[in-house]
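What follows is a short report on a single structure.
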Amino acid sequence: MALEILHMSGEGPSRPVDVLLVHGSYCSASVWQPYIMPFLAAEGYTVHALSLRGHGGSPSAVPLNRVGLADYVADVTEAVARIGRPVAVVGHSLGGAVVQSAMASGVRVAGAALLASVPPSGMLMATQRMFWSRPRLWFELSRIMHSGIGDADPEILRDGLFDNRISEEEYRRLASQFCDESPLAIQELMSLRWFGAAPAATGPMLVMGGSRDWLIGEIDVWQTALWYGTKPTIVPGLSHVMMLDPDWERAAVVVCEWLHKFAPHHR
């Protein structure tokens, strides 16, 4: 399959590890382009951003509503193989579940960073908490799963995804890049299914969330971190779509500091 993988070469002395970015639901590789890809490239990392099948420029051989998480795992597996170098994989939200499932299936990576990620146990508990804490957001996400992202209420999503930290104009610009998501994949995330990989087989792990994330709360971030035997990083004020948040650089710095520990410059 001709998967869309965006590339950006690292500047200055090279790093021994590349970075693969895996987006979350309703978007594509383009969410990493404005800030995160240039930031990591400036630190010397060769960066790749994958669009999962049916998203962005990646085609799907079947209708999107028949695409499941196993298909997304196959996409990450292919992307890692295509890169052909040691690679640290960064997964956001749904992409975090895909990264965990890929590692559980045997994909070997140099490290994995889970940003506002679906916990190893899935989204069932997080979704129930959202129902009580942000009912409008819960109903809106449930509705667009079937009606499509083009029918989304911008007021509700700007609040739910960005904590109203971006302007209405900026939200409209970003929303023009959103795309539909597979209802089957979303339903799988909310099923009684374990997504976590065996901690002993994962290598270095980073687990990060934002204090203003209304989809993946701090308790979900802690659950993920505890499973992988690490301490989570909760960035104050950061919203769910952290790579496009006004404070995106705070998240990028955390990822870079984690990468530097096992991917120093080649001398």
Take the alpha-carbon centre of segment 149-176, take the same for segment 191-267, and report the distance between them in whole Å.
23
What is the distance, in nm, between label points placed 7 Å from the Cα along the Cα-to-Cβ direction at Asp151 and at Gln177?
2.6
Gained length - Ser133 relative to Trp222, 0.36 nm times residue gap less alpha-carbon distance
30.2 nm
What's log10 of I(q)/I(0) for segment 1-91 at q = 0.16, 0.18, 0.22, 0.25 Å⁻¹, Debye sum over Cα points only, no solvent?
-0.60, -0.74, -1.04, -1.27
P(r) of the chain over all Cα-Cα pairs, binned every 5 Å from zero, in whole percent:
1, 6, 14, 19, 21, 19, 12, 6, 2, 0, 0
Counting only protein heavy atoms and a 1.4 Å probe, tell me what percentage of the chain's accessible area is made up of carbon and sulfur.
57
Can you find, among Leu50, Ala88, Ala61, the residue farthest towards the positive end of the dipole of the chain? Put +1 on the C-beta of Lys and Arg, -1 on that of Asp and Glu.
Ala88
What whole-number value in Å² describes the accessible area per residue of the chain for a 1.4 Å probe?
42
Taking the Cα centre of segment 97-223 as origin, sum charge times position over the Cβ atoms of Lys and Arg (+1) and Asp and Glu (-1), and report the length of that vector in debye to the nearest 20.
380
Please compute the length gained on full extension between Leu124 and Glu78, using 0.36 nm multiplied by the number of residues separating them and subtracting their Cα-Cα distance.
13.7 nm
Quick one: dipole size for the chain, taken about the Cα centre, charges +1 on Lys/Arg Cβ and -1 on Asp/Glu Cβ, in debye to the nearest 20.
700
Need the full-extension length gain, Ser211 to Glu170, defined as separation in residues times 0.36 nm minus the C-alpha distance. One decimal, nm.
12.6 nm
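The values are calculated or read from the model by the stated rules, or taken from the named source; none is laboratory data. Predicted, not measured: the structure shown is a model, and the values here were computed from it. Note that we place each Cβ from the backbone using ideal geometry, even for glycine, and neighbour counts take in every protein chain shown. Ligands, DNA and RNA are stripped out before the accessible areas are found, and what is left, the full protein with its side chains, is counted by its heavy atoms. Shrake-Rupley method; radii C 1.70, N 1.55, O 1.52, S 1.80 Å.
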